[in-house]
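Read through the structure below, which is laid out as C-alpha cells, and then see the notes.
The values are calculated or read from the model by the stated rules, or taken from the named source; none is laboratory data. All values derive from a computational prediction rather than experimental measurement. We place every Cβ from the backbone using ideal geometry, glycine too, and count neighbours over all the protein chains shown. Side chains included, ligands, DNA and RNA excluded: accessible areas come from the protein's heavy atoms. Shrake-Rupley method; radii C 1.70, N 1.55, O 1.52, S 1.80 Å.
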Amino acid sequence: MRKIYSTFAVLFSIALSSSSIAQINYGGTPSFLVNQETLYNTKVVMPAIDRNALDQADFVTDQIKEVPWRFGVENEVNITTSENGFWTIEGDENIWRLDIECPSAISVSVRFSEFNLGKGAYVYIWSKDSHQFIGKFDHRNNKDWGGLATGVITGSEVIVELHQPSAWGFTSTLEIDQIVYGYRSLLLHPESLAAAQRGPFGNSGSCNINVNCPEGALWATEKRSVALIVEGGFAACTGALINNTLNDGTPYFLTANHCLGNPGSWVYYFNHESATCNGNSGPTNQSISGGTLLVSDGASDFALIELSEIPPTSFNVQYAGWDATGDTPLSATGIHHPSGDVKKICFEEDSPYFANQAGAAVWMIDQWELGVTEGGSSGSPLFDQNHRIIGQLYGGAAACTGNVNNGQLDYYGRFNESFNLGAAEYLDPTGSGMLAWDGFPDGAVSYANDAGVTITGAPEGLLCGAASISLEIVLTNTGTENLTSATITYNINGATAQQVDWNGNLAQYASEAISIPAFNAVGGENTITVEVTSPNGVADDNNLNNSSEVSFTTFSGETFDFQLAITLDDYGSETSWEIKQLGTVIYFGGPYSDGTDGESIIVDLCLEDGCYIFTINDEYGDGICCEYGNGTWSILDGEGDVISSSDGQFGDSETDQFCTNEASIEGVEHELTGLIYPNPVNDLLTIVFPKLEGHVFISDITGRTMVNQSFDRESKTGIDVSDWSEGLYIVSWIGKNNEIYTTRITVSH
C-alpha cells in the first residue's frame, strides 16, 4: 500500500483486435505502409533485459503488500523528431516515423515528455507485426503538463507515426523520454508463482472477492466510481471519482497523498473488473490519461485530482457521495484494485474508529470480515453504511494467508479531516455547508421515509412576453416505506408561501404530479421554490432531495424577434457563444460536435428594447474560419436583415454589440476606426463625428451603458474614461439617416 516511486505513468492497455481504444482518441487508421530499409536503418533498440535477475526480484516483491506488481522495465530515453526516426512526404502530408524494438518483449509502450500538436497534426502508435494500434491522438489530447502517457502495444516492435500538413514543413516536435519494455505475460501469473491465471495488471491473493460476486451486489452503483492508477511499469494505486454539491460531473478524483508522483502522467482505468465472480480479467479500454493535482495533505493522507478529461457517457461512471461529519459509521466497505488486479470488495461489519497513524488522522479497521486489501489498494475509497466515502486507504497489514484473511488491521485517512484541509473548496463549490452528499448521477442510499420533490413545466431560458404560467410539482417516494402523506410548501416570486397537504399511496420510486394554480409571470427573473416535509407524518430520513427551485426570465414589455445564425467549422467542440444584457447572460450555446464543417446553427432570439453584447469563443484560439472550414456568424432582425456579422476569422474570441433600434434600418454600417483616438485610451477619448448630427452610444463588454448622448451641429466630442474599468468597450455613432459607425476601444490605465 504505502509507497513512493519516482517513475510516472504510461497508459497500459490490451487490444484484443487490430485496433485499440485504450484512452480517449479521435478515430482513423495508420498507414501501415513504410520503407522497410529506412525504417530499419533508423530503428531504436532497447537494451536486452536480465530475465533471471528480474524473476528473482519479482519473486520477492510479488509477495510484499507495499510493492505494486511490475510488468515492465522502464528505459529512460531522449528521442525527438529532429534527431531520430525519418521524415517522408506523402501526398499533402509530411510524416515522421520511428521504429522502436524491445527484443523478445511481450509489450512496448512509450511516454511523450513533449506532446503539443497543432490542429491538423496527429499521431498513431502501431505494432509492426499485428497492426494493432492506438490513436489517432491530435491537439485535443494535449495535456496541461505538456506530455502524454500512451498505451501498451502487444509485441516487441512498434512504430510511432506523426502526420502533419506539408505546408508546415518539418516543424512538429515530439519528445519521448520513456520506453517500457514489457517482459511479463499480460494474461498469466509469472513462472515464479506457478503460472496461475492473473489479470493484465497484477494478481491478488485468493481470499479477495471480485466486486461482481454476490457479496458486492448492493454496491453496483459505487463500484463505477473506482479506478485503477497505472504508473510507469507498475500497477500503483486506486482512487475514485467523487461528487460535488453542484452535481455537475466535474471529474474530481480522490486518492492517497502517499501515491503522488505526477498525476498528469498517470492513467486512470475505469471498469477494470471481471464480469463474473471467479474471473480474473476485465476490460482495459476505458481510461483517462492525465490529471491535475488540486489539493493534498499528509495529515489525512489524501489527494484530490481533477482528471484531464470528463469520462465519456460510454464509461457509465458514478461520482461517489461523501460524508464529512466524522460520525462513526456502523460498518464499512472498501472497493479497490489489490496488486493491480481486477476490482475487488471487502467488508468490515463493525464500526471503524478514530486513530492516529504516523501523524495522520485515520479510521482504523481492526479486521476485515470478508476480503482484504493489498499493495495497489492504496488510495481506494472506504464507504460507510450509507454508501458515502468516509476515507481513502493509507496503509495496514491486512492480507491473504492462503485462501483466508490474515486477521490484521488496515487504516484509512479520514475524509472529514480532508474536507477541512482543502477538499471542501472543490466538493462544496456552492458553499452550502453540507457535510454529507450523495452520489451522482445515481443516488446511493435507501431510507425508510424519504420524500423528494421537483418542479416541471417551467419555461426553459427566456420567456418572450408576459404569460400565464402553469407548473406541476412532482412528488416522488424514494423511501422503502409506502408514502401515504406529506406536506408540500411552495413559493412564487417571494410571495406568501402556499401549503398543500398531500394524501395518497406511492410505492418506492413512484411519483405523482400535483398542479398548482396558474400565475402571471413578472418582468425579469421569476423564481419558484418548493419543499416537502413530514413523509408519513414523521421526520424525513434524507433531507438532500426535500427542496427544488426553478428560475426563468421574462420580457414582459415590447419585444423584438431576432435570430442568430452560426455556420460551424470542422471543430464544433471548440465553439461556444453567449449573449449578455447588462452583465446577465440571456442566451448561450455550444460547444457542438466535431465533423460539423458547414453545419448551420439557428437560434431564435426574443429581445426587449435595448443593446446586447454577443461573444463567440473558440477554445483552440483559431476562430471558425478558414483552415478547417468556412465558419461565419450573423445576427439578423425580424425582417431577415443582417445587423451584425463576421467572416469567422478571429482568435480566442470575438465580441460585438447590437441594439434592437438597429433592426430593419436602411443604411450602411461603417467602421468608426480612424475617427476615434487614442486607442488604447487611458484618460480622454476623442470621437470625430462623420456627420454634424448623430447619436453616440458606448457600452462595456457586459452591455452596461457608459455613454448615450445625441449631438447636433458638433464635429467632435471628448469623453473622460479615466475612471472606467480596464477592458473592451464598443462605440457606435448613428446618424440621423441611420448611418451606423462602430468600432471597439480598449481602456488601459
Might you let me know whether the stretch 326-335 holds any residue that is assigned to a loop (DSSP other than H, G, I, E, B), of a type outside the set (S, T, N, Q) and under 26 Å from H272 (Cα atoms)? no
Leading residue by the ranking (nearest to the chain's Cα centre (by Cα)) among those in the stretch 205-253 that are open to solvent by 10 Å² or more (accessible area, probe 1.4 Å) and within 17 Å of D384 (Cα to Cα): R224
Quick test of your reading of the structure: T154 fulfils all but one of (1) open to solvent by less than 10 Å² (accessible area, probe 1.4 Å); (2) under 20 Å from A48 (Cα atoms); (3) not charged (D, E, K, R). Name the failing condition by number. (1)
I need the strands (runs of 3 or more DSSP E) fully contained in the stretch 631-749, keeping only those with at least 1 residues that are out of contact with any His (no Cβ under 7 Å at 6 or more places or on another chain) and modelled with pLDDT of 80 or more. 632-636, 642-646, 653-659, 684-688, 693-700, 705-712, 716-720, 727-735, 740-747
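Results for (1) within 25 Å of S206 (Cβ to Cβ); (2) of a type in the set (V, I, T), shown as yes or no for each residue.
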residue: V230; (1), (2): yes, yes
residue: L241; (1), (2): no, no
residue: G249; (1), (2): no, no
residue: P263; (1), (2): no, no
residue: N271; (1), (2): yes, no
residue: Q286; (1), (2): no, no
residue: A303; (1), (2): no, no
Filtered residues of the stretch 403-422 (kept if assigned to a loop (DSSP other than H, G, I, E, B) and open to solvent by 60 Å² or more (accessible area, probe 1.4 Å)): N403, Q408, L409
With the requirement that a residue be surrounded by fewer than 17 Cβ atoms within 10 Å (Cβ to Cβ) and either under 12 Å from T478 (Cα atoms) or of a type in the set (K, R) (or both), what does the stretch 533-543 give you? N543
Which ones in the stretch 359-370 are assigned to a loop (DSSP other than H, G, I, E, B) and open to solvent by 10 Å² or more (accessible area, probe 1.4 Å)? G359, D366, Q367, E369
How many residues does the stretch 451-472 contain that are open to solvent by 20 Å² or more (accessible area, probe 1.4 Å), of a type in the set (A, V, I, L, M, F, W, C) and either part of a strand (DSSP E or B) or modelled with pLDDT of 90 or more (or both)? 4
Would you check which residues across the stretch 498-532 are of a type outside the set (A, V, I, L, M), within 16 Å of I455 (Cα to Cα) and touching a Phe, Trp or Tyr at 6+ places or on another chain (Cβ under 9 Å) and list them? Q498, Q499, E512, N526, T527, T529, E531
Filter result (assigned to a loop (DSSP other than H, G, I, E, B) and either within 32 Å of the chain's Cα centre (by Cα) or in contact (Cβ under 8 Å) with a residue 24 or more places away in the chain (or both)) within the stretch 336-357: H337, D341, V342, K343, P352
What's the number of the condition A448 fails, among (1) among the small types (G, A, S); (2) under 30 Å from the mean Cα position of the chain (by Cα); (3) surrounded by fewer than 17 Cβ atoms within 10 Å (Cβ to Cβ)? (2)
Among what's in the stretch 271-292 and is surrounded by 23 or more Cβ atoms within 10 Å (Cβ to Cβ) and in a strand (DSSP E or B), pick the residue that is modelled with the highest pLDDT. G291
Pick from the stretch 632-658 the residues that are open to solvent by 20 Å² or more (accessible area, probe 1.4 Å) and within 28 Å of the chain's Cα centre (by Cα): which of them is nearest to E558 (Cα to Cα)? E654
Please state which of the following conditions P459 fails to meet, knowing it meets all the rest: (1) more than 32 Å from the chain's Cα centre (by Cα); (2) closer than 30 Å to V585 by Cβ; (3) in contact (Cβ under 8 Å) with a residue 40 or more places away in the chain. (1)
If only one of E481, E425 is assigned to a loop (DSSP other than H, G, I, E, B) and surrounded by fewer than 19 Cβ atoms within 10 Å (Cβ to Cβ), which one is it? E481
Mind telling me which of the residues S113, S130, S109 ends up being open to solvent by less than 10 Å² (accessible area, probe 1.4 Å) and of a type in the set (S, T, Y)? S109
Considering the stretch 592-631, residues that are among the aromatic types (F, W, Y) and open to solvent by 20 Å² or more (accessible area, probe 1.4 Å), and then whichever is farthest from the chain's Cα centre (by Cα), we arrive at Y628
Here the residues within the stretch 123-152 that are touching a residue at least 60 places away in the same chain (Cβ under 8 Å) and outside any loop (DSSP other than H, G, I, E, B) are Y124, W126, F133, I134, G135, K136, F137, H139, R140, N141, L148, A149
Is it the case, given these coordinates, that S748 is open to solvent by less than 60 Å² (accessible area, probe 1.4 Å), within 21 Å of G610 (Cβ to Cβ) and touching a strand residue (DSSP E or B) at 6+ places or on another chain (Cβ under 8 Å)? no
Being among the polar types (S, T, N, Q) and within 13 Å of Y269 (Cβ to Cβ) is the filter here; which residues of the stretch 226-246 pass it? T238
Assess whether T88 counts as being surrounded by fewer than 19 Cβ atoms within 10 Å (Cβ to Cβ), farther than 21 Å from E175 by Cα and either hydroxyl-bearing (S, T, Y) or without any contact (Cβ under 8 Å) to a residue 12 or more places away in the chain (or both). no
Looking at V530 and the list (1) open to solvent by 40 Å² or more (accessible area, probe 1.4 Å); (2) touching a strand residue (DSSP E or B) at 6+ places or on another chain (Cβ under 7 Å); (3) under 27 Å from Y490 (Cα atoms), which single condition is not satisfied? (1)
Filtered residues of the stretch 557-591 (kept if open to solvent by less than 30 Å² (accessible area, probe 1.4 Å), without any contact (Cβ under 8 Å) to a residue 40 or more places away in the chain and acidic (D, E)): none
Candidate set: the stretch 308-329, residues that are at pLDDT below 95 and of a type in the set (A, V, I, L, M, F, W, C); chosen: the one nearest to A360 (Cα to Cα): I310
Evaluate the following for A256: is it surrounded by fewer than 19 Cβ atoms within 10 Å (Cβ to Cβ), of a type in the set (A, V, I, L, M) and at negative phi? no
Within the stretch 428-439, restricting attention to residues that are open to solvent by less than 60 Å² (accessible area, probe 1.4 Å) and modelled with pLDDT of 90 or more, which residue is farthest from Y252 (Cα to Cα)? A436
Subset of the stretch 25-41 that is in a loop (DSSP other than H, G, I, E, B) and of a type in the set (A, V, I, L, M, F, W, C) - its residue that is nearest to G85 (Cα to Cα): V34
